[in-house]
């Protein structure tokens, strides 16, 4: 199935972004939202006697996963080269493969023998 030029350009543009940085900023926002959710709830106001009320169980799952998200965010920060400038971090390609870089890796300089 043939793609249009616009579809191909959109697909290529995904490889020209820093996916790790995009994921870092996305998860960082989710951590903030999770913190707001947890701060909004008061455990003293939950009815734990009502077997049908699953609020406490849901909160336990949320705070149980918080540490895993934090570890992932910290790892992404280190590996994706985060500078805290989201626009710069997400648009700058980290790994850019070009014909020249491929030639350099096999001992030639932009197609010319060294």
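The values are calculated or read from the model by the stated rules, or taken from the named source; none is laboratory data. Everything numeric here is computed off the predicted structure, so don't read it as measured data. Note: ideal-geometry Cβ built from the backbone for every residue, glycine included; neighbour counts use all protein chains shown.
When residue 82 is tested against (1) within 15 Å of residue 19 (Cβ to Cβ); (2) modelled with pLDDT under 85; (3) not in a helix (DSSP H, G or I), only condition (2) is not met.
Taking the conditions exactly as written (over 23 Å from the mean Cα position of the chain (by Cα), free of Cβ contacts under 8 Å to residues at least 60 places away in the same chain and either surrounded by 10 or more Cβ atoms within 10 Å (Cβ to Cβ) or not in a helix (DSSP H, G or I) (or both)), does residue 44 satisfy them or not?
Values: over 23 Å from the mean Cα position of the chain (by Cα): yes; free of Cβ contacts under 8 Å to residues at least 60 places away in the same chain: yes; either surrounded by 10 or more Cβ atoms within 10 Å (Cβ to Cβ) or not in a helix (DSSP H, G or I) (or both): no.
Spelling it out, it is not the case that residue 44 is over 23 Å from the mean Cα position of the chain (by Cα), free of Cβ contacts under 8 Å to residues at least 60 places away in the same chain and either surrounded by 10 or more Cβ atoms within 10 Å (Cβ to Cβ) or not in a helix (DSSP H, G or I) (or both).
Results for (1) at pLDDT 85 or above; (2) exposed (fewer than 10 other Cβ atoms within 10 Å of the Cβ); (3) in a helix (DSSP H, G or I), shown as yes or no for each residue.
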| site | (1), (2), (3) |
| --- | --- |
| 14 | no, yes, yes |
| 34 | yes, no, yes |
| 37 | yes, no, yes |
| 51 | no, yes, no |
| 56 | yes, no, yes |
| 63 | yes, no, yes |
| 68 | yes, yes, yes |
| 74 | yes, no, yes |
